[in-house]
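Please read the structure below before turning to the comments.
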Amino acid sequence: MIENKSDLHCPSLEAPLIIKNYVKGDIDCNYEKYLLEMINHSVWFHQHFKAPFIPPDNENNGQCDAYSADYGLDFKLIASKTHLQAISTRSEQIVIMTKGLYAHCASKNTGPMTYTRLAQAIRGLSIEELMMIQNKKTRVQGLENDISEYLDTLNTNKNLLLLFPFRFRFETPGNSKNDILTIVKLLNNNFSESLQYRSKQYESLDTFFSFFYDYTFVLCKWDKDHLLFIESIPVEKSKTFMHLASTYCHNWDKKYDFFLQRLKEKNTTMKQIRDCLISMDI
């Protein structure tokens, strides 16, 4: 692997992509829906599970979010409570007015907010230090409460698919797989102790880890003592994700705007477009 040494940008996913029911009136505003679609387009999941994943009829009795035959998988967002509050209250509010018409409203909060960046907060903490924080069980909103709630998530007695809600991009992109492996290595440095903590509690349960790199959804699996990259899935594979991203969010349609513009140009062949997209690593 050739590591990418250029600057790494990692903005948070936008509110409609991670806050359930953020867009009032849109029943598809739920990250669990696009996670389900993503794993059902995963070659790895298709090879390891006999049936597609489907949601349960209800979750009144603590059922998992998705099942493939008897195998249950629960979807968990791993971001601090304060981060999610900041995203929810400082973003433009969106309301469906009628079919095909929606309105952007002012954010709920325009003042300064302090929030915890989870990956940085737990970086370098040992399992013992993490357990000390969890045992305190402080209810005061802030750093230790955010870490404690994250550890509570890891203590869920189910197979988990964790979504780290950030979209990574290098200032100077390289080979896609090498870029992804570079990011996985960095994330492993941040999350390895806490994921070790979970594996000690639930040795027989699976822990999957996901994030976004450019226009792809990246799947990893915790394997004994490190994050193992499984595969990347184009975001186009999820109808729900594309709907939320292209309708309510910024910066997700640049790739597609480019493609459509080239189609409109005279004398532009599909081969020329494909060659250009390949050269851009799209």
- Note on the structure: Out of LYS136, LYS221, LYS99, a Gaussian network model of the chain with alpha-carbon springs under 10 Å gives the largest mean-square fluctuation to LYS99
- Message: Using the Karplus curve 6.51 cos²θ - 1.76 cosθ + 1.60 with θ = phi - 60°, what ³J(HN,Hα) values do you get for each residue of segment 224-237, in whole Hz, with x for Gly and Pro?
- Response: 6, 9, 7, 7, 10, 5, 9, 5, 10, 10, x, 4, 4, 5
- Item | Within a Gaussian network of the chain (alpha carbon springs, distance under 10 Å), most fluctuating of THR153, THR114, THR240 | THR114
- Task: For segment 45-50, take each phi angle, set θ = phi - 60°, evaluate the Karplus expression 6.51 cos²θ - 1.76 cosθ + 1.60, and give the result in whole Hz per residue in order, putting x for glycine and proline.
- Result: 5, 4, 6, 9, 10, 6
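How much of the accessible area of the chain, in percent, comes from carbon and sulfur atoms when a 1.4 Å probe is used? Intermediate results must be reported in sequence, preceding the final value.
On the way: 7930 of 15310 Å².
Of the solvent-accessible surface of the chain, carbon and sulfur hold 52 percent.
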- Message: For the pairs LYS81/LYS224; LYS33/LYS76; LYS81/LYS158, flag any whose C-alpha to C-alpha distance is greater than 18 Å.
- Response: LYS81/LYS224; LYS81/LYS158
- Message: Give me, ordered by chain and number, the residues 5 or more places off ASN4 or on other chains with an amide H under 5 Å from its own placed amide H.
- Response: THR182
- Query: Stokes-Einstein D for segment 1-138 at 20 °C, 1.002 mPa s, Kirkwood Rh over Cα pairs, in µm²/s?
  - Reply: 115
- Grab the DSSP H runs of the chain that are 4 residues or longer, score each as -39,500 (n - 2.57), total them, divide by all residues and round the 222 nm result to the nearest 500 deg cm²/dmol. -12000 deg cm²/dmol
- Task: List every residue whose amide H lies under 5 Å from the amide H of GLU231, counting only residues 5 or more places away in sequence or on a different chain, with H placed 1.01 Å from N in the peptide plane.
- Result: LEU219
- Amide proton proximity set for LEU161, modelled H, under 5 Å, gap of 5+: ASP74, PHE75, LYS76, PHE208
- Task: Averaging sequence separations of C-alpha pairs under 8 Å and six or more residues apart, then dividing by the length of the chain, give the relative contact order as a whole percent.
- Result: 21
- Task: For segment 130-144, just list the computed ³J(HN,Hα) in residue order, Karplus coefficients 6.51, -1.76 and 1.60, θ = phi - 60°, integers in Hz, with x standing in for Gly and Pro.
- Result: 5, 5, 4, 5, 5, 5, 5, 6, 5, 9, 6, 5, x, 4, 5
- Item | Within the chain: Cβ-based charge dipole about Cα centre, in debye rounded to nearest 20 (Lys, Arg +1; Asp, Glu -1) | 560
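Solvent-accessible area per residue for the chain at a 1.4 Å probe radius, Å²?
Per residue, the chain has 54 Å² of solvent-accessible surface.
The values are calculated or read from the model by the stated rules, or taken from the named source; none is laboratory data. Owing to the predicted nature of the structure, the values given are computational and were not obtained by experimental measurement. In this analysis, Cβ positions are derived from the backbone assuming ideal geometry, glycine residues included, and neighbour counts consider all displayed protein chains. When the accessible area is computed, the model is the full protein with side chains, heavy atoms only, and any ligands, DNA or RNA have been set aside. Shrake-Rupley method; radii C 1.70, N 1.55, O 1.52, S 1.80 Å.
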